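Colleague: Please find one structure pasted underneath; my questions will follow.
Nothing in this text is a laboratory measurement; each read-out follows from the coordinates by a stated rule. Owing to the predicted nature of the structure, the values given are computational and were not obtained by experimental measurement. Backbone-built Cβ (ideal geometry, glycine too); neighbour counts: all protein chains shown.
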Amino acid sequence: MLGSGAAGLAAALAARAAGAEVTLAEATSTVGGTTALSSGAVWIPGNHVDVRGPAVDSVEQARLHLESLAVGDISRVLLESYLVNAPLVAQRLEATTALRWQPLPYPDCHRELPGGMGRGVRSLEPLPLVVPSSVSALVRSPLPWRPPLTVTEMVTGAATPELVRERSRTGTLVGGQAMVAALLHAALEAGVDVRTSTRVTDWSPDGVVVDGGKRRRARVVVATGGFERDPALVRTFLRAPVRGLIGAPGSRGDGLRLAMAAGAALGTMSEAWWCPALRVPGDEIDGEPVYRMLFAERARPGVIMVDRRGRRFTNEAQNYNDVGRAMHGFSAQDFRFEADPSWMVFDAEVRDRYPIVSMRPGDPEPRWLLRASTTAGLADLMGVPPETFVDTVDRFNASAQAGSDPEFGRGRGEYDSAGGEFTLRPLSEPPYYAVAVHAGLGGTKGGPRTDERGRVVHVDGSVVPGLYAAGNAAASPFGMAYPGTGTTLGQALTFGDSAGRAAATD
């Protein structure tokens, strides 16, 4: 197994359960990759976790919903496999590891489309977990600004300073760290040979070469993550601007290069899990710069986003993937991407009530924050046309005062208020503030095409013997879509499990 995120660990556990001798090779010095930096959420239609309320999910409803989102390079065969296997994998992992799920109080991202479900039905997150220190020491550290709290605790107001202190004292893991630790502990107990700082540099049907050594015979599951940390691959395959990288530095395209060398057919290569991202000077992972994904900040009452022309360009309260994609708008006249960078704009009430990325109410104002006493003055600081920007704010304020957003429909969808608040309020309390927002991504989602068993498909349509792929290292079956919170890790666990079982039994 190459890679130790959700896909690689799920593959290792599945292969070991099927009787195979398993070595898991991780290129970096810690286990977990981008999974360990995430919330650990999974989107699992028809899952076994108890749902409170009248909602009843089904494969038919989930299929209907995915059909309503079928835009771009989708794979109906893999989607059907996902609908059948995802709930089984989620239940099996809970039965065989320390991983425990709880419903996440988020609806599907496009709940209003056919087959969509409301809060707490399809999205799950791990419960907090304590593992032996020998295991937790191997897991990639969390982002330093992420508190040891579940998403549910943060959204429902259950988060307290006392809880944070207690979690820190006891070494309790949450989110993606809890997922990685649970799967890693189970893998070690099952006899999986886990090797960090180990990079596979070559593959052929005769085996793999590890760190330039001798070739070893092995079936290989590629779960190395995406290719967003390789500038040459990004320039070759991604059509959109990429400045805001938020994932782990190990996503260098190792698996993609192995698959291409084997003659693999590729899919969804221009797609990624897009997001709006903000750069706080000094933020790094393993010595490389890292951005912060904007979640709740952009959806709060009294906040809007504008492009380089000073105009709103999207519903700011949508899911991060769709807001990130909206930042790819291109102006043929000016020959530039108009929303990269864009600006998140808010007023004094927001500044006084809410944390904004690393800035808390009452904190000194950092250099990356712009401030002006008028909207025209703020436009000058942002470098956008003042007349256009002032008109944008005035029109938004008038609509928000009336409780609507006729331009982009903000507040109409159930997902828009998933953070617990109605998202519309005029920007009416000076001074006014702005921060630069960049087009970012959480990981690429293009790679070798696979069949429903995770086997890599050759360009001639045959199967590449001995080579399998899953997670962000494989072509995503979802095309452009992000159906719900946790889609990325849901498909990583599911197809990682399939690839591991196939590699053990072929």
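Colleague: Kirkwood hydrodynamic radius, segment 389-504, all distinct C-alpha pairs: what's the number in Å?
Modeller: 18.2 Å
Colleague: Work out the charge dipole of segment 276-440 with +1 on the Cβ of Lys and Arg and -1 on the Cβ of Asp and Glu about the Cα centre, then indicate which of V390, F422, S358 is farthest towards its positive end.
Modeller: After comparing all options, I get V390.
Colleague: Consider just the alpha-carbon atoms of segment 1-110 and return their Rg together with their Dmax, both in angstrom.
Modeller: Gyration radius and largest Cα-Cα distance of segment 1-110: 16.0, 46 Å.
Colleague: So, one more: Taking amide hydrogens as modeled 1.01 Å from N in the peptide plane, which residues meet the under 5 Å criterion relative to L24, leaving out close sequence neighbours?
Modeller: D193, V194, R195
Colleague: Right, something else. Which of the peptides 383-395, 422-434, 488-500, 439-451 is most tightly packed, and how do the rest follow, judged by the mean count of other Cβ atoms within 10 Å per residue?
Modeller: Per-residue Cβ counts within 10 Å, averaged per peptide and sorted highest first, yield 488-500, 439-451, 422-434, 383-395.
Colleague: If we restrict to alpha carbons, what Rg and Dmax does segment 1-45 come to, in Å?
Modeller: 11.6, 34
Colleague: Take S358, project a point 7 Å from its Cα along the Cβ direction, then tell me which residues of segment 269-292 have their backbone nitrogen under 17 Å from it.
Modeller: Under cut-off, by backbone N: 277-292.
Colleague: Give me a comma-separated list of calculated 3J(HN,Hα) values for segment 261-269, in order, Karplus coefficients 6.51, -1.76, 1.60 applied at θ = phi - 60°, integers in Hz, x for any Gly or Pro.
Modeller: 5, 8, x, 5, 6, 10, x, 6, 5
Colleague: Report the per residue volume, in Å³, of the convex hull enclosing the C-alpha atoms of the chain.
Modeller: Details: hull volume 71.5 nm³, N = 506.
That works out to 141 Å³ per residue.
Colleague: If I fit a long axis through the Cα atoms of helix 6-17 and take the longest principal axis of the Cα atoms of the chain, what angle between them do I get, 0 to 90°, rounded to 10?
Modeller: 20 degrees
Colleague: Go through segment 452-460 residue by residue and turn each phi into a ³J(HN,Hα) via Karplus (6.51, -1.76, 1.60, θ = phi - 60°); whole Hz please, and just put x for glycine and proline.
Modeller: After applying 6.51 cos²θ - 1.76 cosθ + 1.60, I find 5, 9, x, 6, 5, 9, 6, 4, 8 Hz.
Colleague: Here is a follow-up. Among E407, E284, which comes first, second and so on when ranked by fewest other beta-carbon atoms within 10 Å? List each step's numbers first, then the result.
Modeller: On the way: E407 15, E284 10.
Least to most surrounded, the residues fall as E284, E407.
Colleague: Along the Cα→Cβ direction, 7 angstrom out, place labels at E67 and V459. What is the inter-label distance in nm?
Modeller: Taking the simple label geometry, E67 and V459 are separated by 3.5 nm.
Colleague: Can you pull the one-decimal nm distance between simple spin-label points at H328 and L127, each 7 Å off the Cα toward Cβ?
Modeller: 4.0 nm
Colleague: Compute from the Cα atoms of segment 40-173 the Rg and the Dmax, the latter being the longest Cα-Cα distance, and quote both in angstrom.
Modeller: Spelled out, the Cα radius of gyration and Dmax of segment 40-173 are 17.1, 48 Å.
Colleague: While we're looking at this one, here's another question. In bins 5 Å wide, starting from 0, what share of all Cα pairs of segment 276-440 does each bin hold, as a percent?
Modeller: Using 5 Å bins, I get a P(r) of 1, 9, 18, 22, 23, 16, 7, 2, 1, 0 for segment 276-440.
Colleague: Can you compute the FRET efficiency between A261 and T196 using 1/(1 + (r/R0)^6), with r the Cβ-Cβ distance and R0 = 25 Å? Round to the nearest 0.05.
Modeller: Working: r = 24 Å, r/R0 = 0.97.
About 0.55, to the nearest 0.05.
Colleague: What does the charge dipole of the chain about its Cα centre add up to, to the nearest 20 debye, if the Cβ of each Lys and Arg holds +1 and the Cβ of each Asp and Glu holds -1?
Modeller: 860 debye
Colleague: Determine the gain in length on full extension of the stretch W145-D50; use 0.36 nm per residue of separation and subtract their C-alpha separation, reporting nm with one decimal.
Modeller: Extra length available between W145 and D50 comes to 31.0 nm.
Colleague: Taking every eigenvalue of the Cα gyration tensor of segment 343-446, multiplying by 5 and rooting it, what semi-axes result, largest first, whole Å?
Modeller: 21, 20, 16
Colleague: If you don't mind, there's one more thing I want to ask. Want the number for E166 to E189: 0.36 nm per residue separation, take away the alpha-carbon distance, what's left?
Modeller: Gain on stretching E166 to E189: 5.5 nm.
Colleague: Whole-Hz Karplus ³J(HN,Hα) for segment 311-316, in order, using 6.51 cos²θ - 1.76 cosθ + 1.60 and θ = phi - 60°, x for Gly and Pro?
Modeller: With coefficients 6.51, -1.76 and 1.60, one gets 10, 5, 9, 6, 6, 5 Hz.
Colleague: Mind listing the long-range amide H neighbours of G267? Cut-off is under 5 Å, sequence gap 5 or more, other chains count too, H placed in the peptide plane at 1.01 Å from N.
Modeller: G447, R449, A475
Colleague: Moving to a separate point now. Over what distance in Å are the Cα centres of segment 294-348 and segment 1-65 separated?
Modeller: Comparing the Cα centres of segment 294-348 and segment 1-65, I get a distance of 31 Å.
Colleague: Going by average Cβ neighbours within 10 Å, how do the peptides 467-476, 57-66, 306-315 rank, with the highest at the top?
Modeller: Working: 467-476: 32.0, 57-66: 17.8, 306-315: 21.4.
Put in order of decreasing packing, that is 467-476, 306-315, 57-66.
Colleague: Report the extension gain between A348 and V59 in nm, rounded to one decimal, defined as 0.36 nm multiplied by the number of residues separating them, less their alpha carbon distance.
Modeller: On the way: separation 289, 0.36 × 289 = 104.04 nm, distance 4.68 nm.
Stretched fully, the A348-V59 segment lengthens by 99.4 nm.
Colleague: Could you tell me how many degrees, from 0 to 90 and to the nearest 10, lie between the Cα long axis of helix 386-401 and the main elongation axis, the longest principal axis, of the Cα atoms of the chain?
Modeller: The angle comes out at about 90 degrees.
Colleague: So, in nm, how far is label R100 from label A158 when the simple model puts each one 7 Å beyond its Cα toward the Cβ?
Modeller: So the label points at R100 and A158 sit 1.1 nm apart.
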